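Heads up, the thing below is written out as structure tokens.
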Amino acid sequence: MKNYNELIVLKTFDERLDYLRLFSNVCENTFGGNRYFNQKFYMSEEWKKIRRNVIIRDNGCDMALEGYDINTKHDRIMIHHIVPITYDDIINHSPKLIDMNNLVCVRYNTHNLIHYSRDNGSFEYTPRFKNDTKLW
Ligand SMILES: [Zn+2]
């Protein structure tokens, strides 16, 4: 099982992205048809608290990588479940939902790459460099 402790050992952006990358067929269960349950969960006080803790731990950095600060003026911090959650996880309140070792901060773009990009390059991507948020 992938997890945060393994992720943070990786030194570069690309290594972390490769580690986290999913294939869209894996996450169909996550977002198909069950938005109501997802939203209910993401609105909960429990989630908001965990979300805050993850942002603090990761210093608001993309994939928790130092120097890759997510500029919240132009971007959104998203909390990604490293092992995706399913409808059943939400119904059964699986520990996976709020396990800090299953959560990491990512920016919106990176989140799309993790979930939807494939190796055929169907997703456009601007590579990030250390401290490049200053340019935006
Ligand atoms: Zn995600």
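Write out, first by first residue and then by second, each pair whose Cβ atoms fall under 9 Å of each other, whose residues are 6+ apart or on separate chains, and whose first residue, in the stretch 12-28, is away from the ligand (no atom under 14 Å from the Cβ) and assigned to a helix (DSSP H, G or I) while the second is modelled with pLDDT under 70 and among the hydrophobic types (A, V, I, L, M, F, W, C).
What qualifies is 13/129.
Which one of 49, 40, 73 is modelled with pLDDT under 95, assigned to a helix (DSSP H, G or I) and basic (Lys, Arg)?
Details: 49 fails: modelled with pLDDT under 95; 73 fails: assigned to a helix (DSSP H, G or I).
40 is the lone residue from the list that is modelled with pLDDT under 95, assigned to a helix (DSSP H, G or I) and basic (Lys, Arg).
What residue, among those in the stretch 60-87 that are under 13 Å from residue 108 (Cβ atoms) and acidic (Asp, Glu), is farthest from the ligand (Cβ to nearest atom)?
Among those that are under 13 Å from residue 108 (Cβ atoms) and acidic (Asp, Glu), it is 75.
Restricting attention to the stretch 104-136, and to residues there that are in a helix (DSSP H, G or I) and away from the ligand (no atom under 16 Å from the Cβ), which single residue is modelled with the lowest pLDDT? Lay out the reasoning, then the answer.
To start, the set of residues in the stretch 104-136 that are in a helix (DSSP H, G or I) comprises 108-116, 132-135.
Next, only the ones that are away from the ligand (no atom under 16 Å from the Cβ) stay: 132-135.
Working: 132: 56, 133: 54, 134: 46, 135: 43.
Filtering the stretch 104-136 for residues that are in a helix (DSSP H, G or I) and away from the ligand (no atom under 16 Å from the Cβ), the one modelled with the lowest pLDDT comes out as 135.
Would you mind stating whether residue 101 is part of a helix (DSSP H, G or I) and surrounded by fewer than 19 Cβ atoms within 10 Å (Cβ to Cβ)?
Details: part of a helix (DSSP H, G or I): yes; surrounded by fewer than 19 Cβ atoms within 10 Å (Cβ to Cβ): yes.
Yes; evaluated as a whole, the condition is true for this residue.
Considering only residues that are within 16 Å of the ligand (Cβ to nearest atom) and in a loop (DSSP other than H, G, I, E, B), look in the stretch 88-98 and name the one that is nearest to the chain's Cα centre (by Cα).
By that ranking, first place goes to 98.
The values are calculated or read from the model by the stated rules, or taken from the named source; none is laboratory data. Model, not experiment: these values are computed from the prediction. A quick note on method: Cβ atoms are made from the backbone with ideal geometry, for glycine too, and the neighbour counts reach across all protein chains shown.
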